[in-house]
Amino acid sequence: MMAGFTPFRRLAIIGIGLIGSSIARACRQHGLAEEIVAIDRDAGVRDRVVALGLADVVTGDAAEGVAGADHVILCVPVMANAALAAIISPYLAPGTIVSDVGSVKGAVVKDVAPHLPEGVFFVPAHPVAGTEHSGPDAGFAALFVNRWSILTPPEGTPEEATRRIRAFWEAMGANVEIMTPEHHDLVLAITSHVPHLIAYNIVGTAADMERVTQSEVIKFSAGGFRDFTRIAASDPTMWRDVFLTNKDAVLEMLGRFNEDLLALQRMIRWGDGDELHKLFTRTRAIRRGIIAQGQETAAPDFGRTPAPLPPVKADPA
Ligand code: NAP
């Protein structure tokens, strides 16, 4: 256990996918809960949780799973939170802290908070960490190390509850920032949601090409396309929910994106090389900033290991 963190007595995690299983692993590794309860509706997932030894109790019954818990974390797609909150709320003991990990915060606060009984505290969280993989086998304990976790406690949340959840994320290696749900949704619209939409769009466009064959798209993908395909391989349910629940912020950012794209289109049409060069120089600096803050590797090509050279064929004698 990390210094300064008192473990939860009984931690219930609902939804043992990439994020839920990573939290379970990190809690096991750092001793952040005396007992971990894993709740998942899918029997196949529950079998994997048992096989991987991720929890002390494994159940498909959310109501039973949260009974007696002092911390409950919802780790399901954003639009699944409301129904789950309604199911578990009668079984939550006073003093329990409920949290989540959803990628949109305004909708989660609106959907979950009204269900929670008096004396149960809500501290929503969003770990800005992830991969394009899903499910209990995809998680790993170090997922949150040196990544940001954003907390958006609604007004009236006791400071002690927020402090406890901050310490919990810090114990898993994350850096914590607190902001309003509205500000979170605006920031994440440009840093995460719109980039995913662009990736889904470009991969979709390439898939619909007629004059360039599918096999050519795959064959020459190292030119840049393949880096979009990683993002566009992200979980369809999760991302459908993100766009449906962060509609306003995403539409606002898309409006700006479209304007800037039109400006670029015009620079190309009019041969304005100076302006193109100026913009590309500015964007390079952003990447350098991300590397300087330890959010990305400085190694070329995302640190991919180059393939070994094939053996040189001997000259025929
Ligand atoms: P995941 O690997 O697909 O896991 C999602 C889990 O939720 C699965 O166990 C799934 O069960 C369960 N679930 C789905 N719909 C449900 C429903 N209606 N009722 C009950 N359980 C349901 O997804 P994840 O990547 O861990 O994402 C979970 C949450 O974390 C999402 O809210 C997402 O926005 C957020 N998040 C994701 C990332 C990322 O990069 N992936 C990063 C930060 C935050 P089944 O297997 O039965 O469907």
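The values are calculated or read from the model by the stated rules, or taken from the named source; none is laboratory data. Everything numeric here is computed off the predicted structure, so don't read it as measured data. As a convention, Cβ positions derive from the backbone with ideal geometry for all residues, glycine included, and neighbour counts pool all protein chains shown. Heavy atoms of the whole protein, side chains included, go into the accessibility calculation; ligands, DNA and RNA do not. Shrake-Rupley method; radii C 1.70, N 1.55, O 1.52, S 1.80 Å.
Is it fair to say Ser89 is farther than 24 Å from Val50 by Cα, touching a helix residue (DSSP H, G or I) at 6+ places or on another chain (Cβ under 6 Å), of a type in the set (S, T, N, Q) and away from the ligand (no atom under 12 Å from the Cβ)? Talk me through it step by step, then tell me what you get.
Values: farther than 24 Å from Val50 by Cα: yes; touching a helix residue (DSSP H, G or I) at 6+ places or on another chain (Cβ under 6 Å): yes; of a type in the set (S, T, N, Q): yes; away from the ligand (no atom under 12 Å from the Cβ): yes.
Considered against the rule, which asks whether it is farther than 24 Å from Val50 by Cα, touching a helix residue (DSSP H, G or I) at 6+ places or on another chain (Cβ under 6 Å), of a type in the set (S, T, N, Q) and away from the ligand (no atom under 12 Å from the Cβ), Ser89 comes out as yes.
Failed condition for Glu64, given (1) open to solvent by 40 Å² or more (accessible area, probe 1.4 Å); (2) more than 8 Å from the ligand (Cβ to nearest atom); (3) under 15 Å from Ser21 (Cα atoms), with all others met?
(3)
If we keep just the residues of region 24-41 that are open to solvent by less than 30 Å² (accessible area, probe 1.4 Å) and within 9 Å of the ligand (Cβ to nearest atom), which is nearest to Asp137 (Cα to Cα)?
Taking the candidates together, the pick is Asp40.
Go through region 97-120 and report how many residues are more than 11 Å from the ligand (Cβ to nearest atom), of a type in the set (Val, Ile, Thr) and touching a Ser or Thr at 6+ places or on another chain (Cβ under 8 Å). It would help to see each step written out before you state the result.
In the first step, residues of region 97-120 are kept if they are more than 11 Å from the ligand (Cβ to nearest atom); the result is 97-99, 106, 109-120.
Now restrict to residues that are of a type in the set (Val, Ile, Thr): 97-98, 109, 112, 120.
Okay, now just the ones that are also touching a Ser or Thr at 6+ places or on another chain (Cβ under 8 Å), so 109, 120.
Going through region 97-120 one residue at a time, the tally reaches 2.
Among the numbered criteria (1) outside any loop (DSSP other than H, G, I, E, B); (2) open to solvent by less than 50 Å² (accessible area, probe 1.4 Å); (3) near the ligand (Cβ under 9 Å from one of its atoms), which one does Met79 miss?
With respect to (1) outside any loop (DSSP other than H, G, I, E, B); (2) open to solvent by less than 50 Å² (accessible area, probe 1.4 Å); (3) near the ligand (Cβ under 9 Å from one of its atoms), Met79 is out only on (2).
Within region 99-137, track down each residue that is part of a loop (DSSP other than H, G, I, E, B), touching a helix residue (DSSP H, G or I) at 6+ places or on another chain (Cβ under 9 Å) and surrounded by fewer than 20 Cβ atoms within 10 Å (Cβ to Cβ).
In the first step, residues of region 99-137 are kept if they are part of a loop (DSSP other than H, G, I, E, B); the result is 101-105, 116-120, 123-124, 129-137.
Within this subset, residues satisfying the condition of being touching a helix residue (DSSP H, G or I) at 6+ places or on another chain (Cβ under 9 Å) are 101-105, 116-117, 120, 123-124, 129-137.
Selection gives Leu116, Pro117, Val120, Thr131, Glu132, His133, Ser134, Gly135, Asp137.
Can we say Glu177 is within 21 Å of Thr6 (Cα to Cα), out of contact with any Leu (no Cβ under 6 Å at 6 or more places or on another chain), open to solvent by 70 Å² or more (accessible area, probe 1.4 Å) and without any contact (Cβ under 8 Å) to a residue 40 or more places away in the chain? Talk me through it step by step, then tell me what you get.
Numbers: within 21 Å of Thr6 (Cα to Cα): yes; out of contact with any Leu (no Cβ under 6 Å at 6 or more places or on another chain): yes; open to solvent by 70 Å² or more (accessible area, probe 1.4 Å): yes; without any contact (Cβ under 8 Å) to a residue 40 or more places away in the chain: yes.
Taking the combined requirement at face value, the residue satisfies it.
Based on what the data block shows, is Pro94 open to solvent by 50 Å² or more (accessible area, probe 1.4 Å), assigned to a loop (DSSP other than H, G, I, E, B) and more than 16 Å from the ligand (Cβ to nearest atom)?
The answer is yes for Pro94.
Residue by residue, here is whether (1) more than 16 Å from the ligand (Cβ to nearest atom); (2) modelled with pLDDT under 95; (3) buried (at least 19 other Cβ atoms within 10 Å of the Cβ); (4) under 23 Å from Val145 (Cα atoms) holds:
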site: Trp169; (1), (2), (3), (4): no, no, yes, yes
site: His184; (1), (2), (3), (4): no, no, yes, yes
site: Leu197; (1), (2), (3), (4): no, no, yes, no
site: Glu210; (1), (2), (3), (4): yes, yes, no, no
site: Glu216; (1), (2), (3), (4): yes, yes, no, no
site: Ala232; (1), (2), (3), (4): no, no, yes, no
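Going through Phe225, Phe280, Phe220 one at a time, which residue ends up being over 30 Å from Asp185 (Cα atoms) and within 30 Å of the chain's Cα centre (by Cα)? Can you show your working first?
Values: Phe225 fails: over 30 Å from Asp185 (Cα atoms); Phe280 fails: over 30 Å from Asp185 (Cα atoms).
Within the list Phe225, Phe280, Phe220, the selection yields Phe220.
Looking at region 267-305, which of its residues are assigned to a helix (DSSP H, G or I) and touching a residue at least 60 places away in the same chain (Cβ under 8 Å)?
Taking region 267-305 first, the residues assigned to a helix (DSSP H, G or I) are 267-269, 273-292, 300-303.
Within region 267-305, just Phe302 meets the criteria.
If the requirement is being within 15 Å of the ligand (Cβ to nearest atom), polar (S, T, N, Q) and within 19 Å of Met79 (Cβ to Cβ), which of these qualifies: Ser149, Ser192?
Numbers: Ser149 fails: within 19 Å of Met79 (Cβ to Cβ).
One residue alone meets the criteria, Ser192.
If I filter region 42-50 for residues that are in a helix (DSSP H, G or I), farther than 21 Å from Gly135 by Cα, open to solvent by 30 Å² or more (accessible area, probe 1.4 Å) and within 15 Å of the ligand (Cβ to nearest atom), do I get at least one hit?
Let us first name the residues in region 42-50 that are in a helix (DSSP H, G or I), namely 43-50.
Now drop any that are not farther than 21 Å from Gly135 by Cα, which leaves none.
There is no residue in region 42-50 that is in a helix (DSSP H, G or I), farther than 21 Å from Gly135 by Cα, open to solvent by 30 Å² or more (accessible area, probe 1.4 Å) and within 15 Å of the ligand (Cβ to nearest atom).
For region 295-317, indicate whether the set of residues that are more than 16 Å from the ligand (Cβ to nearest atom) and at pLDDT 95 or above is non-empty. Before you say what the answer is, go through the steps one by one.
If we filter region 295-317 for residues that are more than 16 Å from the ligand (Cβ to nearest atom), which is where we start, we get 297-317.
Adding the requirement that they be at pLDDT 95 or above leaves none.
Scanning region 295-317 turns up no residue that is more than 16 Å from the ligand (Cβ to nearest atom) and at pLDDT 95 or above.
Among what's in region 240-263 and is surrounded by 14 or more Cβ atoms within 10 Å (Cβ to Cβ) and acidic (Asp, Glu), pick the residue that is nearest to the ligand (Cβ to nearest atom).
Looking only at region 240-263, we keep the residues that are surrounded by 14 or more Cβ atoms within 10 Å (Cβ to Cβ), and these are 241-243, 245-247, 249-250, 252-254, 257.
In the following step, the residues that additionally are acidic (Asp, Glu) were identified as 241, 252.
Values: Asp241: 7, Glu252: 20 Å.
Among those residues, the one meeting the criterion is Asp241.
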